[in-house]
Amino acid sequence: MKLGKYKDNDVELCRTTNGRVSSETAEALLEQQIPFTKSSKRIPFYRREEYQGADTIWVISINPRRYGQARRVIDSMDRVYRERLVLSNY
């Protein structure tokens with residue numbers, strides 16, 4: 001979901017190879033009414049070993065103005081989910 005005129009300026013918030021974690025993260029952001037974009041990328045067969053065999057990576061991007069608020073939402077998530085996210089250092 002993208003809102004406003006700044007949609008092309010989105011920055012990566014986090015990424016994960018776990019579909020459930022990406023869904024939980026998206027749900028947490030929605031609950032706090034933080035707009036985001038969730039996309040998936042296929043991992044090439046020859047690189048899957050680097051990702052413990054995963055074939056897809058999910059990327060969540062947000063408007064840079066909402067980055068701090070979104071990071072607080074992630075920080076408040078259950079540790080089990082947080083540990084499976086790779087956070088960007090925007």
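Before moving on, here are some points about what is shown:
- Within region 58-75, the set of residues being touching a residue at least 12 places away in the same chain (Cβ under 8 Å) and farther than 13 Å from SER88 by Cβ comprises TRP58, ASN63, ARG65, ARG66, GLN69, VAL73.
- Counted residues, region 5-40 - those being at pLDDT below 95 and open to solvent by 60 Å² or more (accessible area, probe 1.4 Å): 5
- Of the residues making up region 41-65, those that are open to solvent by 70 Å² or more (accessible area, probe 1.4 Å) and either touching a strand residue (DSSP E or B) at 6+ places or on another chain (Cβ under 6 Å) or of a type outside the set (Phe, Trp, Tyr) (or both) number 7.
- Among residues of region 21-47 that are in contact (Cβ under 8 Å) with a residue 60 or more places away in the chain and within 14 Å of ARG71 (Cα to Cα), those with a beta-carbon under 8 Å from a residue that is assigned to a helix (DSSP H, G or I) and among the hydroxyl-bearing types (Ser, Thr, Tyr) at least six positions away or on a different chain give the pairs THR25/TYR81.
The values are calculated or read from the model by the stated rules, or taken from the named source; none is laboratory data. Please read these numbers as outputs of a predicted model, since none were measured by experiment. Here the Cβ is made from the backbone with ideal geometry for all residues, glycine too, and neighbour counts use every protein chain on show. Accessible surface areas use protein heavy atoms only, side chains included; no ligands, DNA or RNA. Shrake-Rupley method; radii C 1.70, N 1.55, O 1.52, S 1.80 Å.
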